[in-house]
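What follows is a single structure, written as structure tokens, with notes after it.
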Amino acid sequence: MLQASRQFGMTQSAVSQAVRRAEASIGVAFFNRSRRPLTLTRAGRILAGRVRDLNRDFDDLVRALRDAAKLPERVDLRLGVIDSYAATVGAHLVKELMTGEVALSLSVWSGLAHAHAEALVHRTIDAAITCDAMDDLYDIERFPFYREPNLLVVPRGSEAEFADLDLREILTRHRLVRYSERSWAGAQVERHLSRLGIRPPRAFEFDTSDSLVAMVATGMGVAITTPLCLLQGLAHAGQVSALPLPGPGFFRELLLVTRRGDLSSLAPRIAEMARTSITTQAMPRIRTLVPWFTQDY
């Protein structure tokens, strides 16, 4: 007891009390106090044999805690991404998120916009890059980062057929290749046509832009889509031309959507990274397909 008090700068009485508290908390005696000098009990000998290992483990724990304090907190992010973004520049954004200054554990789901709205409500994702502002949801933060016009896609070489025709006449003469109404883009196109009183017959409907562009490329009709969606159908984009949509235009806006307060500091940065990915990766390719398009829309 005296040696221990000198080693730790305590009184001998304080050491004795500490030993008794340890014995009381475990319910065993470490010393046989009926003998002089004190001798260890069997439990005391087991403890004495383990003390060095315990000290080593504790020192390792302290080092691990101090090392952890030097590193940024790791953020778990489950991100939904609409197909047109995922298929064109999504990989660049993912790389930027994974190698950036924020330590992220990242999971990504692509798909249609309505699926991401449901996933956000049910908390199976934390944020979504989408074209659906989810205006009917409360406690949602929205960070718009890109706006593009809808345009008319026609078979390459047929551009002269559409000169001076309004949209009604075009869709009277040519079959409309549609997005399905269960997609956000399809619903938006249908609302625009309904406002104009145009109801073209239903023939071909698709969820994805690559299928839509392929149908136009083979001469099966015309389509209404956006520059980024046209880029998604790049395999067939060489066989189509993109024209300004006749009559009043309408637009698609991409934005990052998240629950209010969940990613308050990170969400604006992700939105800016998403915008930069489009500006640097998509726009040079879009301008080759749609030379008249600028980001001033």
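Among Pro144, Pro201, Pro155, which is the only one that is surrounded by fewer than 16 Cβ atoms within 10 Å (Cβ to Cβ), at pLDDT 95 or above and of a type outside the set (Phe, Trp, Tyr)?
Pro144
I'd like to verify a number: residues in segment 94-139 that are surrounded by fewer than 19 Cβ atoms within 10 Å (Cβ to Cβ), in a strand (DSSP E or B) and of a type in the set (Ser, Thr, Tyr), how many?
Residues meeting the conditions: 3.
Answer yes or no as to whether Leu234 is at pLDDT 95 or above, under 32 Å from the mean Cα position of the chain (by Cα) and not aromatic (Phe, Trp, Tyr).
Here the answer is no, as Leu234 does not meet what is asked.
Which one of the conditions (1) assigned to a helix (DSSP H, G or I); (2) crowded, with 16+ Cβ neighbours inside 10 Å; (3) modelled with pLDDT of 95 or more; (4) not hydrophobic (A, V, I, L, M, F, W, C) does Arg269 fail to meet, given that it meets all the rest?
Every condition holds for Arg269 apart from (3).
Quick test for you: out of Gly219, Gly197, pick the one residue that is part of a loop (DSSP other than H, G, I, E, B) and in contact with a Pro (Cβ under 9 Å, 6 or more places away or on another chain).
Selected residue: Gly219, the only one of Gly219, Gly197 that is part of a loop (DSSP other than H, G, I, E, B) and in contact with a Pro (Cβ under 9 Å, 6 or more places away or on another chain).
If you check Asp136 against the conditions, is it among the charged types (D, E, K, R), over 20 Å from Ile270 (Cβ atoms) and modelled with pLDDT under 90?
So Asp136 fits the description; yes.
Pairs under 9 Å by beta carbon, first residue crowded, with 16+ Cβ neighbours inside 10 Å in segment 228-239, partner of a type in the set (Phe, Trp, Tyr), six or more apart or different chains?
Leu228/Tyr85; Leu228/Tyr146; Cys229/Tyr179; Gln232/Tyr85
Assess whether Arg63 counts as being modelled with pLDDT of 90 or more, in a helix (DSSP H, G or I) and over 30 Å from Ser183 (Cβ atoms).
no
Among the listed residues Arg182, Arg285, Arg191, which satisfies the condition of being in the same structural domain as Leu120 (by TED's automatic domain parsing), of a type outside the set (Ser, Thr, Tyr) and either without any contact (Cβ under 8 Å) to a residue 12 or more places away in the chain or surrounded by fewer than 18 Cβ atoms within 10 Å (Cβ to Cβ) (or both)?
Every option except Arg285 fails the conditions.
Does Leu256 satisfy the criteria of being more than 18 Å from Ala113 (Cβ to Cβ) and either out of contact with any His (no Cβ under 7 Å at 6 or more places or on another chain) or of a type in the set (Phe, Trp, Tyr) (or both)?
It is false that Leu256 is more than 18 Å from Ala113 (Cβ to Cβ) and either out of contact with any His (no Cβ under 7 Å at 6 or more places or on another chain) or of a type in the set (Phe, Trp, Tyr) (or both).
The values are calculated or read from the model by the stated rules, or taken from the named source; none is laboratory data. Predicted model, so just to flag it, every value in this text is computed and none were measured. Quick reminder, even Gly has a Cβ in these numbers, built from the backbone with ideal geometry, and neighbours come from all protein chains shown.
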